[in-house]
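**Student:** After the structure tokens below, expect a handful of questions from me.
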Amino acid sequence: MNIEPEQPRVAVSIDALNQLPAMPPVPAANNTFAEPAPAQTSPASEPSRLQQELQSTKDVVVKQAEELQKLKAELESVRRQLADKDAAASKAKPKVAPRKPTATP
């Protein structure tokens, strides 16, 4: 039997299936393929739910903006410290003038 990769097939033996022990029915709650039941919301509660979601989203955005400002300030502080450190290091090391080679007899 040749099986093309584009057209896979499954062979099932009816005799082998009949020899399997009977399985108890699986409740719908444990079935991973069951479709979720649509949420029962009244049309009146829909705007208030949307308002709550909008407010919580705004709160998250404000919190993230505050955190971003703190991070920017911290980054600027680190940059200043690094610049000060580089400036102090360059002042501490005196520049050595290159020596002229002496003539050897």
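The values are calculated or read from the model by the stated rules, or taken from the named source; none is laboratory data. Since we're looking at a predicted model, the values are computed, not measured. Backbone-built Cβ (ideal geometry, glycine too); neighbour counts: all protein chains shown. Side chains are part of the model used for accessible areas, which takes the heavy atoms of the whole protein and leaves out ligands, DNA and RNA. Shrake-Rupley method; radii C 1.70, N 1.55, O 1.52, S 1.80 Å.
**Student:** Which value, in Å² and to the nearest 10, is the accessible area of K72 when all protein chains are kept and the probe is 1.4 Å?
**Tutor:** Per-residue accessible area (K72): approximately 110 Å².
**Student:** Summing Lys, Arg as +1 and Asp, Glu as -1, what charge do residues with Cβ under 12 Å from the Cβ of E74 carry, E74 excluded?
**Tutor:** Numbers: positive: K70, K72, R79, R80; negative: E67, E76.
Net charge around E74: +2.
**Student:** Separate question: Separation between the Q19 and Q52 pseudo-spin-labels, each 7 Å from Cα along Cα→Cβ, expressed in nm?
**Tutor:** Distance between the two pseudo-spin positions: 5.8 nm.
**Student:** Could you pull the accessible area for E67 with a 1.4 Å probe, rounded to 10 Å²?
**Tutor:** 110 Å²
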